[in-house]
1. For the chain, report the translational diffusion coefficient in µm²/s to the nearest whole number, using Stokes-Einstein at 37 °C, 0.692 mPa s, and a Kirkwood Rh over Cα pairs.
2. Counting only the backbone N, which residues of segment 21-48 are under 12 Å from the spot 7 Å out from the Cα of residue 71 toward its beta-carbon?
3. Using only the alpha-carbon atoms of segment 15-54 as identical scatterers, what base-10 log of I(q)/I(0) does the Debye formula give at q = 0.20, 0.24, 0.34 Å⁻¹?
4. How big is the antiparallel share of DSSP beta bridges in the chain, given as a percent to the nearest 5?
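Read-outs throughout are calculated quantities, based only on the coordinates presented, and are distinct from any laboratory measurement. Note that the structure is a prediction, hence the values are computed from the model and not measured. In this analysis, Cβ positions are derived from the backbone assuming ideal geometry, glycine residues included, and neighbour counts consider all displayed protein chains.
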């Protein structure tokens, strides 16, 4: 997914990497158990006609923002 920054803190050179996963809850759980710190648990971002979009944001060791993204079928 490519988009313009939504908030001033995201307006800097670089990109947010989104990792599309099938089961965001299990991937979140595995990564958290391995020491990944998330900004918040997986949460609903948008309701689309045929799926709901869920995301969970985390930071890498250089503080770059990364995200898990899941399209849950309705």
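1. On the way: Rh = 13.1 Å.
Translational D for this selection: 250 µm²/s.
2. The answer is 21-22, 48, whose backbone nitrogens lie closer than 12 Å to the label point.
3. Here the Debye-derived log intensity ratios amount to -0.71, -0.95, -1.25.
4. 80
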